[in-house]
Amino acid sequence: MSQAFLRIQQLDKQFGQDQILKGINLELTKGQTLSLIGASGSGKTTLLKIIAGLERADQGEIYLRQKRIDALDPQQRKIIYLYQDALLFPHLSAFDNIAFGLKLQKAKHIPAQVNAMLEKLGMQDQGHKMPHQLSGGQKQRIAFGRALVIEPQLLLLDEPFGALDPEIRSHMQKLFKNLVSSQNLTAIFVTHDLKEAIIIGDNIAKIEQGNLIQYDSKSAFYQDEKSGVEDEILFWKHLKNETNED
Amino acid sequence: MISKVLKYSFAITVVFPIVFLLGLSLAQQWQFPEILPQEWTFQHWGNSLFKQGDILESLFLSLGLSLTLASLVSVLAFFMSKYIAYSKHRQLYMRLTLVPYILSPVVLAVIFQYYFTVANLSGNFIGVLIAQLFFALPFGIVIFNNFWNAHLKSIEQLSFTLGASSRQSLLKVILPLSKPAIVLCFFQSFLVSWFEYGLTQFIGLGKVKTLTVMVFNFINEANVFYAAVACVMLILPPIILLYLNKKVLILAR
């Protein structure tokens, strides 16, 4: 048996007559981020929700640190699922949003931990603000802080930067990379954006017609004709040539 | 200009009946074509509150009935509407909530009267409460229907992944967010019960004398001064509730 941090074996999910996920196998090493790409409706969100315990698989096994978790409730998994929308609790300030999980755990030194997280996020003077007073990027940062402060075993991100403009998106990608490496976090990052998948992920996987293909390395992904990387490179080369000709 | 006219028209239509009823309740004699009562008195209020006590008793009975119903409907509709909203058969359940309105409350009462009599629920407080619940509960479910949406479900699920149990999620996330919907449901259910006449009279067999029933009795007896006292008492609690409702909603925002 392999010693993968997260291991999924032969996972199936069906909604009515539609087979969304077929015999999914996946392995993830501790401290790595896996970028997961795929078309809309390909089952990416369903897979993340099954890993988080928010949906039940029809069949298959999920192991986290060699412990089977697919029968556990979401509260017992220490896996956090982050949506495209920051989903801050609107009745709580930014500070209290970050403190939410710590209060549930009855953790010690909550104010100190929350202030340290606000500082990491570059939002030390924004803690008193209510969610409606924050910008989209700030909300997403607080959502990260709320998730990271409780030190989850695994972080699942479902297109978290999808609603942000390109500049903030780029800033958030860097922030995410820094936070993940500083906390040695393991994550699965769903995105539609090929460039984002390459920037964020240590490895890449793709869901197509319910099947998951996990590439051995990033170069294996680039070499796959179906990955779309070649098309992207050709597009930019073509554009560059056209510009030079002009 | 138009908004000012509308504002004053609204104020007049609301304030005038209250002032008129208050005047009538304090009148000893008020004959046409006099604009104001010829004689003023506190006798009707004194008799109602301290001597005969019928109206005061009805006021407390109405308050007890309406507050109990509003509390029950708010709690039951909150949980039932959540079940319905996330059910595969949402459409069917929501159509069923319309049945009491299609049949009308009194027709519903006629249908159920036999069972109320057999269960010894006719002519008492509990019977009227249950009868009103048949009618007000679907109304409460309709009020909560749009509250349970995909966004709220995602927030609830997120709280689970952050470690909250179902109870903690309910107390720390869902209830604070649902405050405006709960207040609205409580207020509307209170009003449904407070002004209910036909069903209360039918199932209560005239023995459950709520304030609304008393008003009709006084009018039937052509006792306009006592009817006015009862009317003023009938109007006051909804106005206080409306004021509190507005305050709570503003605070919730």
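The values are calculated or read from the model by the stated rules, or taken from the named source; none is laboratory data. This one's a predicted model, so the numbers in the text were calculated from it and none came from an experiment. As a convention, Cβ positions derive from the backbone with ideal geometry for all residues, glycine included, and neighbour counts pool all protein chains shown. Accessible surface areas use protein heavy atoms only, side chains included; no ligands, DNA or RNA. Shrake-Rupley method; radii C 1.70, N 1.55, O 1.52, S 1.80 Å.
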Kindly evaluate A:Gln84 against the criterion of being surrounded by fewer than 19 Cβ atoms within 10 Å (Cβ to Cβ), assigned to a loop (DSSP other than H, G, I, E, B) and of a type in the set (S, T, N, Q). yes
Residues that are open to solvent by 30 Å² or more (accessible area, probe 1.4 Å) and of a type in the set (A, V, I, L, M), drawn from the stretch B:219-236: B:Ile219, B:Ala222, B:Val224, B:Ile235, B:Leu236
Failed item, numbered, when B:Leu129 is tested on (1) buried (at least 17 other Cβ atoms within 10 Å of the Cβ); (2) over 30 Å from B:Ile111 (Cα atoms); (3) modelled with pLDDT of 90 or more: (2)
From the option list B:Ser189, B:Ser104, single residue qualifying as hydroxyl-bearing (Ser, Thr, Tyr) and surrounded by 17 or more Cβ atoms within 10 Å (Cβ to Cβ) is B:Ser189
All but one of (1) surrounded by fewer than 17 Cβ atoms within 10 Å (Cβ to Cβ); (2) in a helix (DSSP H, G or I) hold for B:Leu72; state the number of the condition that does not hold. (1)
Quickly run through the stretch A:143-174 and pick out the residues that are away from chain B (no Cβ under 12 Å), farther than 20 Å from A:Leu36 by Cβ, in contact with a Gly (Cβ under 9 Å, 6 or more places away or on another chain) and not acidic (Asp, Glu). A:Ile168, A:His171
Do you know which residues across the stretch A:51-96 are more than 10 Å from chain B (Cβ to nearest Cβ), farther than 21 Å from A:Phe189 by Cα and among the aromatic types (Phe, Trp, Tyr)? A:Phe95
For the stretch A:97-108, give me each residue that is aliphatic (A, V, I, L, M), within 22 Å of A:Thr186 (Cα to Cα) and within 10 Å of chain B (Cβ to nearest Cβ). A:Leu102
With the stretch A:104-207 as the region, which helices (runs of 4 or more DSSP H) entirely inside it contain at least 1 residues that are modelled with pLDDT under 90 and open to solvent by 50 Å² or more (accessible area, probe 1.4 Å)? A:110-120, A:166-182, A:194-200
Out of all the residues in the stretch B:150-180, which are open to solvent by 10 Å² or more (accessible area, probe 1.4 Å), in contact (Cβ under 8 Å) with a residue 60 or more places away in the chain and more than 19 Å from A:Asp73 (Cα to Cα)? B:Lys179, B:Pro180
Determine whether the stretch A:62-80 contains at least one residue that is under 30 Å from A:Gln126 (Cα atoms) and in a loop (DSSP other than H, G, I, E, B). yes
Filter result for the condition that a residue is within 30 Å of B:Gly206 (Cβ to Cβ) and of a type in the set (A, V, I, L, M, F, W, C), over B:Ile84, B:Ile12, B:Ile35, B:Ile18: B:Ile18
Do you know which of the residues in the stretch B:75-101 that are among the charged types (D, E, K, R) and assigned to a helix (DSSP H, G or I) is most open to solvent (accessible area, probe 1.4 Å)? B:Arg95
